[in-house]
Amino acid sequence: MITHRPYGIEHPYASSPDQRVPVLPLVGEPVRLGVVASPDVTSVVCEWGTTTLELTPAQATAADAAALAGGEGHLSEAQAKALGSDDSWSVVTPPITEPVRYRFRAGTETSGWFEVAPAEWTAAGGEVLGGGDRVSAVEWLVSAAGVHRARFRLPLRPTDHLVGFGERYDHLDQRGRDLDAVVFEQYKAQGAHGRTYLPMPFAHVVNGGWGFHVRTSRRTWFSSDDTGLTVEVALGHEPVVDLGIYEGPPTEVLSAFLDEVGRAEELPDWVFRLWASGNEWNTQDLVTARMDKHRELGIPVGTVVIEAWSDEEGITIWRDAQYEVTPDGSAHKASDFGYPPDGAWPDPRAMIDDLHRRDIKVILWQIPLQKSEFGTGQVAADAAAMVREGHAVLEADGTAYHNRGWWFPKALMPDLSVQRTRDWWTEKRRYLVEDLDVDGFKTDGGEHAWGHDLRYADGRRGDDGNNLFPVHYARAFGDLLRSAGKAPVTFSRAGFTGSQAHGIFWAGDEDSTWEAFRSSITAGLTAASCGIVYWGWDLAGFSGPVPDAELYLRATAASTFLPIMQYHSEFNHHQRPLRDRTPWHVAETTGDDRVVPVFRAYAVLREKLVPYLAAQAGRAVTTDRPLLRPLFFDHADDPEIWHHPYQYQLGDDLLVNPVLEPGVTTWTTYLPEGTWYDVWTNEPVKSGMVTRDVPIDIIPVYSRRPGVLA
């Protein structure tokens, strides 16, 4: 058997062994052709036009896959294996100058025919709408098959800065860097790889006094130098680029962008209290015990996120629940379930009621995938119904798409592009909200759509529908909550243009390192620059060994002054030592008796900040001045701010400078022009460079008026 897929599995950053690389070659460029063959195959040849090429055994992408794995963690091994194959063969063709038909032979077996037409950049081919005189050097990537991409330049002055492009982990200012906009699950080390869960083809040109938005859901690429920004855009059937240009200072630019794509709505005050979770809190007893410990130690907590509550097959039913299967895949009601006293969750409703009496809200984990490898039971019935009733994302040939990624591999994906499937998918979760009184959902994942030719029910194909999938996903659960009379509290990591209108976001998977701490702050600032109001991160990271006390407490301090404050820990198979990020476990693991009292003090302070944060979030929604605010929004004309990219304002009154290095005893902050007060002393401080002592319980924070933390 011979397998060759010209596009491979369509991983956006790596090739698979059976792929053509590049998929779309330029005129005069050689092509690497790959196949995967049966283990008994001893030779493979390619009929390349009138030439016969002999393939050789290849280990083409295993190393590439390993490089993507992101280090130690429960998904690393699966990720590293995703692209490798022991039975791959490859050959490099002569330079291609005209369309070529090709096929493969192995013994008596012959593949079907494939065609490839080389492309070249030309001056004619399509139209750029918008941009006016700012647009120059327009080119079109054209082959015999059509027009594939557009490329053009936007001018930049030497003093201009580029900020935006969605959530970015590597730098606040993207001037001089190459990046793209495609939704992708980079498991950890996003800053090192330049990839993101939440891209947007939008950016501010700060100091230049304008911004832009490439109005597309297809993939885009950006590269800047001393004189300008090159933008490359993938095209569909129509060779047209729609470019929005917004004039004015950053707030006006952001406001014009949000007028088009949607903006956040105010969420209830409780979202600003401490969120707590651990992926191994997988029983009612464990969740209750963790919340009991919070109460015992006097550490206020406002929300518990329960990740490991379900069977992790359909993500609709509590593990160990007793029920009758609905053969047609229809939704259950709360009364359909029984819970054994010795099960993992003997009484979910009683647990939730107890947590509510303690003033703790409950968020349940979700993923937008449906396992399909089971032959019986509810998950099998649901999978069959998804396909039978037309609720699955489809391959180009009309068969159901199966996840090509490494997490929940081969699972089905609901087609949330249309209301009928959003309703069908969320109806299975309705009893959780209406009968068990759950307060929201952690809408994890959302990056699983790989394939340019996937078919969505709204008429889109994968090349313009995949990036929108996480937007539809968060919207679906927000609508479910609204329909039950609750606030649309969703907690997502993936998104795209339009995600601004759908709930809360966090920075995704990261290790417990100082580097990850810094990159997470950058992620929050860039996301906020694009209109994400409610944002947080797993303080001090969620993966790997428990962080040391200094990193944990510095991260706690910073998180106290971010829109969302939460800790979380990764699944580690319950191995000892545990990796919980609870403050008492960090104290026990590190042997540092400062952890609990300092964490408690910051959690108590966070409670005091809730009214301020709620009021400022309301202002952010109505004025488009970000809650988590990079300094350029208020001080775009001050060149010094660019030397302090981790400083930010939290609302109108607070300026925060997280301590981002270990072993320091002092920390220097740049205060822009104006009157400032040290929030810990209420003493006035002059603008300019200010150095203060930073013992482990102090983060430099300055306010526009005294007594903000009183």
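If the Cβ limit is 6 Å and pairs must be 6+ apart or interchain, which residue in the range 45-63 that is farther than 20 Å from P17 by Cβ pairs with which residue that is at pLDDT 95 or above and of a type in the set (A, V, I, L, M)?
Going by the 6 Å Cβ cut-off, the qualifying pairs are G49/V100; T52/V45.
The rows are residues; the columns are (1) part of a strand (DSSP E or B); (2) in the same structural domain as G498 (by TED's automatic domain parsing); (3) over 25 Å from P348 (Cα atoms); (4) touching a helix residue (DSSP H, G or I) at 6+ places or on another chain (Cβ under 9 Å).
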{"residue": "E260", "(1), (2), (3), (4)": "no, no, yes, no"}
{"residue": "R263", "(1), (2), (3), (4)": "no, no, yes, yes"}
{"residue": "W281", "(1), (2), (3), (4)": "no, yes, no, yes"}
{"residue": "L286", "(1), (2), (3), (4)": "no, yes, no, no"}
{"residue": "R290", "(1), (2), (3), (4)": "no, yes, no, no"}
{"residue": "R295", "(1), (2), (3), (4)": "no, yes, no, no"}
{"residue": "P300", "(1), (2), (3), (4)": "no, yes, no, yes"}
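Of all the residues that make up the range 440-492, how many are of a type in the set (S, T, N, Q) and under 15 Å from A234 (Cβ atoms)? Show your work before the answer.
From the range 440-492, those of a type in the set (S, T, N, Q) are 443, 466-467, 483, 490, 492; that's our starting set.
When the remaining residues are screened for being under 15 Å from A234 (Cβ atoms), the result is 466-467.
Counting residues in the range 440-492 that are of a type in the set (S, T, N, Q) and under 15 Å from A234 (Cβ atoms) gives 2.
Considering the range 571-606 alone, what residues qualify as being closer than 30 Å to L254 by Cβ and surrounded by fewer than 19 Cβ atoms within 10 Å (Cβ to Cβ)?
L605
Sort through G508, G531, G495, G459 and tell me the only one that's assigned to a loop (DSSP other than H, G, I, E, B), over 28 Å from D354 (Cα atoms) and in contact with a strand residue (DSSP E or B) (Cβ under 7 Å, 6 or more places away or on another chain). Steps first, answer last, please.
Working: G508 fails: in contact with a strand residue (DSSP E or B) (Cβ under 7 Å, 6 or more places away or on another chain); G531 fails: in contact with a strand residue (DSSP E or B) (Cβ under 7 Å, 6 or more places away or on another chain); G459 fails: in contact with a strand residue (DSSP E or B) (Cβ under 7 Å, 6 or more places away or on another chain).
Among G508, G531, G495, G459, only G495 is assigned to a loop (DSSP other than H, G, I, E, B), over 28 Å from D354 (Cα atoms) and in contact with a strand residue (DSSP E or B) (Cβ under 7 Å, 6 or more places away or on another chain).
Report the residue count in the range 678-700 for those that are within 36 Å of the chain's Cα centre (by Cα) and over 14 Å from H644 (Cβ atoms).
Number of matching residues: 11.
Scan the range 154-193 for residues that are basic (K, R) and surrounded by fewer than 22 Cβ atoms within 10 Å (Cβ to Cβ) and report the count. Please lay out each step first, then the result.
Step one: list which residues in the range 154-193 are basic (K, R), which gives 157, 168, 175, 177, 188.
Next, only the ones that are surrounded by fewer than 22 Cβ atoms within 10 Å (Cβ to Cβ) stay: 157, 175, 177.
Number of matching residues: 3.
Do you know which residues across the range 409-426 are more than 16 Å from H472 (Cβ to Cβ) and buried (at least 20 other Cβ atoms within 10 Å of the Cβ)? I'd like the intermediate steps shown before the answer.
Step one: list which residues in the range 409-426 are more than 16 Å from H472 (Cβ to Cβ), which gives 409-411.
The one that is more than 16 Å from H472 (Cβ to Cβ) and buried (at least 20 other Cβ atoms within 10 Å of the Cβ): A411.
Among what's in the range 637-667 and is part of a strand (DSSP E or B) and in contact (Cβ under 8 Å) with a residue 24 or more places away in the chain, pick the residue that is farthest from S529 (Cα to Cα). Please lay out each step first, then the result.
Taking the range 637-667 as the starting set, the residues that turn out to be part of a strand (DSSP E or B) are 648-650, 654-656, 666-667.
Next, only the ones that are in contact (Cβ under 8 Å) with a residue 24 or more places away in the chain stay: 648, 650, 654-656, 666-667.
Details: Y648: 11, L650: 13, L654: 17, L655: 16, V656: 16, T666: 29, W667: 25 Å.
Applying the filter and picking the extreme gives T666.
On the given criteria, is V240 crowded, with 22+ Cβ neighbours inside 10 Å and modelled with pLDDT of 95 or more?
Values: crowded, with 22+ Cβ neighbours inside 10 Å: no; modelled with pLDDT of 95 or more: yes.
Taking the combined requirement at face value, the residue does not satisfy it.
Anything in the range 616-627 that is surrounded by fewer than 21 Cβ atoms within 10 Å (Cβ to Cβ) and either closer than 21 Å to T556 by Cβ or touching a residue at least 12 places away in the same chain (Cβ under 8 Å) (or both)? List them, or say none.
Step one: filter the range 616-627 for residues surrounded by fewer than 21 Cβ atoms within 10 Å (Cβ to Cβ), giving 618-619, 621-623, 625.
Within the range 616-627, G618, R619, V621, T623, R625 qualify.
Quick one: which residue in A540, A516 is farther than 27 Å from P249 by Cα and not in a helix (DSSP H, G or I)?
Numbers: A516 fails: not in a helix (DSSP H, G or I).
When all the criteria are applied, what remains is A540.
Considering the range 194-208 alone, what residues qualify as being surrounded by fewer than 24 Cβ atoms within 10 Å (Cβ to Cβ), touching a residue at least 60 places away in the same chain (Cβ under 8 Å) and more than 13 Å from the chain's Cα centre (by Cα)? Outline the logic, then answer.
Restricting attention to the range 194-208, the residues satisfying the condition of being surrounded by fewer than 24 Cβ atoms within 10 Å (Cβ to Cβ) are 194-195, 207-208.
Then keep just the ones that are touching a residue at least 60 places away in the same chain (Cβ under 8 Å); that gives 195, 207.
Hit for the range 194-208 is N207, nothing else.
Hey, can you tell me all the residues within the range 162-218 that are at negative phi, among the polar types (S, T, N, Q) and assigned to a loop (DSSP other than H, G, I, E, B)? Reasoning before the result, please.
Taking the range 162-218 as the starting set, the residues that turn out to be at negative phi are 162-163, 167-175, 177-187, 190-193, 195-206, 208, 210-218.
Next, from what is left, pick out any that are among the polar types (S, T, N, Q): 174, 186, 190, 196, 216-217.
Matches in the range 162-218: Q174, Q186, T196, T216, S217.
Of the residues that sit in the range 111-135 and are in a strand (DSSP E or B) and in contact (Cβ under 8 Å) with a residue 24 or more places away in the chain, which one is nearest to R32 (Cα to Cα)?
In the first step, residues of the range 111-135 are kept if they are in a strand (DSSP E or B); the result is 114-116, 119-122, 127-129.
Now narrow it down to the ones that are in contact (Cβ under 8 Å) with a residue 24 or more places away in the chain: 114, 116, 119-121, 127-129.
Values: F114: 14, V116: 12, A119: 16, E120: 18, W121: 21, E127: 32, V128: 33, L129: 36 Å.
Per the criteria, the residue is V116.
Which residue out of R404, R475 is buried (at least 17 other Cβ atoms within 10 Å of the Cβ), at negative phi, in a helix (DSSP H, G or I) and of a type outside the set (D, E)? Give the steps one after another, and end with the answer.
Working: R404 fails: in a helix (DSSP H, G or I).
Among R404, R475, only R475 is buried (at least 17 other Cβ atoms within 10 Å of the Cβ), at negative phi, in a helix (DSSP H, G or I) and of a type outside the set (D, E).
Which one of these is among the aliphatic types (A, V, I, L, M), in contact (Cβ under 8 Å) with a residue 12 or more places away in the chain and closer than 25 Å to E373 by Cα: L436, L412?
On the way: L436 fails: closer than 25 Å to E373 by Cα.
Within the list L436, L412, the selection yields L412.
Could you look through the range 580-613, keep only residues that are touching a residue at least 40 places away in the same chain (Cβ under 8 Å) and part of a loop (DSSP other than H, G, I, E, B), and pick out the one that is farthest from E266 (Cα to Cα)? Write out each step before concluding.
Restricting attention to the range 580-613, the residues satisfying the condition of being touching a residue at least 40 places away in the same chain (Cβ under 8 Å) are 580-584, 586, 589-590, 592, 594-596, 598-613.
Checking the rest, the ones that are also part of a loop (DSSP other than H, G, I, E, B) come to 580-582, 592, 594.
Numbers: D580: 32, R581: 29, T582: 29, D592: 39, R594: 36 Å.
For the range 580-613, the residue satisfying everything is D592.
Tell me, yes or no, whether the range 557-564 has at least one residue that is in the same structural domain as F505 (by TED's automatic domain parsing), outside any loop (DSSP other than H, G, I, E, B), buried (at least 24 other Cβ atoms within 10 Å of the Cβ) and in contact with a strand residue (DSSP E or B) (Cβ under 8 Å, 6 or more places away or on another chain).
yes
Quick check on my filter: what residues within the range 680-699 are within 19 Å of E607 (Cα to Cα) and out of contact with any helix residue (DSSP H, G or I) (no Cβ under 8 Å at 6 or more places or on another chain)? Step through it out loud before you land on a result.
Filtering the range 680-699 for residues within 19 Å of E607 (Cα to Cα) gives 680, 697-699.
Of everything in the range 680-699, just one residue is within 19 Å of E607 (Cα to Cα) and out of contact with any helix residue (DSSP H, G or I) (no Cβ under 8 Å at 6 or more places or on another chain), namely W680.
Considering only the range 358-382, state which residues are part of a helix (DSSP H, G or I), among the aliphatic types (A, V, I, L, M) and under 29 Å from K486 (Cα atoms). Show your work before the answer.
Initially, the range 358-382 is screened for residues part of a helix (DSSP H, G or I), giving 377-382.
Keeping just the survivors that are among the aliphatic types (A, V, I, L, M) gives 379-381.
Of everything in the range 358-382, just one residue is part of a helix (DSSP H, G or I), among the aliphatic types (A, V, I, L, M) and under 29 Å from K486 (Cα atoms), namely V379.
Hey, can you tell me all the residues within the range 494-521 that are farther than 20 Å from T556 by Cβ and surrounded by fewer than 22 Cβ atoms within 10 Å (Cβ to Cβ)?
Of everything in the range 494-521, those that are farther than 20 Å from T556 by Cβ and surrounded by fewer than 22 Cβ atoms within 10 Å (Cβ to Cβ) turn out to be G498, A501.
Give me a count of the residues in the range 89-134 that are surrounded by 15 or more Cβ atoms within 10 Å (Cβ to Cβ) and of a type in the set (V, I, T). Show your work before the answer.
So in the range 89-134, the residues surrounded by 15 or more Cβ atoms within 10 Å (Cβ to Cβ) come out as 89-91, 93, 96, 100, 102-106, 111, 114, 116-119, 125-126, 128, 130-131, 134.
Next, only the ones that are of a type in the set (V, I, T) stay: 91, 93, 96, 100, 116, 128.
Of the residues in the range 89-134, 6 are surrounded by 15 or more Cβ atoms within 10 Å (Cβ to Cβ) and of a type in the set (V, I, T).
I'd like the full set of residues that are assigned to a strand (DSSP E or B) and either aromatic (F, W, Y) or exposed (fewer than 14 other Cβ atoms within 10 Å of the Cβ) (or both), limited to the range 673-689. Full working, then the answer.
Step one: list which residues in the range 673-689 are assigned to a strand (DSSP E or B), which gives 676-678, 684-685, 688-689.
Residues satisfying the conditions are W676, Y677, P684, G688, M689.
Among the residues of the range 324-372, how many are touching a strand residue (DSSP E or B) at 6+ places or on another chain (Cβ under 9 Å) and surrounded by 15 or more Cβ atoms within 10 Å (Cβ to Cβ)? Full working, then the answer.
At the first step, the residues of the range 324-372 found to be touching a strand residue (DSSP E or B) at 6+ places or on another chain (Cβ under 9 Å) are 337-340, 343-345, 348, 351-352, 355-356, 360-372.
Subsequent filtering for residues that are surrounded by 15 or more Cβ atoms within 10 Å (Cβ to Cβ) retains 337, 339, 343-345, 348, 351-352, 355, 360-372.
Total satisfying the criteria: 22.
Against the conditions (1) crowded, with 24+ Cβ neighbours inside 10 Å; (2) of a type outside the set (D, E); (3) closer than 24 Å to P414 by Cβ, where does A540 fall short? Just the number, please.
For A540, the failing item is (3).
For every residue, the table says whether it meets (1) in contact with a helix residue (DSSP H, G or I) (Cβ under 8 Å, 6 or more places away or on another chain); (2) at pLDDT below 95.
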residue	(1), (2)
I521	yes, no
G536	yes, no
F542	no, no
V546	yes, no
T560	yes, no
I564	yes, no
Q575	no, yes
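Does any residue of the range 650-663 turn out to be more than 26 Å from the chain's Cα centre (by Cα) and closer than 23 Å to T159 by Cα?
Looking only at the range 650-663, we keep the residues that are more than 26 Å from the chain's Cα centre (by Cα), and these are 652-655, 662-663.
Remaining after also requiring closer than 23 Å to T159 by Cα: none.
For the range 650-663, residues more than 26 Å from the chain's Cα centre (by Cα) and closer than 23 Å to T159 by Cα: absent.
In the range 91-110, what residues are among the charged types (D, E, K, R) and without any contact (Cβ under 8 Å) to a residue 60 or more places away in the chain? Steps first, please.
Kept after step one, since they are among the charged types (D, E, K, R), are these residues of the range 91-110: 98, 101, 103, 105, 109.
The answer is E98, R101, R103.
The values are calculated or read from the model by the stated rules, or taken from the named source; none is laboratory data. Worth saying up front: this structure is predicted, and the values here are computed from it rather than measured. Virtual Cβ from ideal backbone geometry, glycine too; neighbours counted across all protein chains shown.
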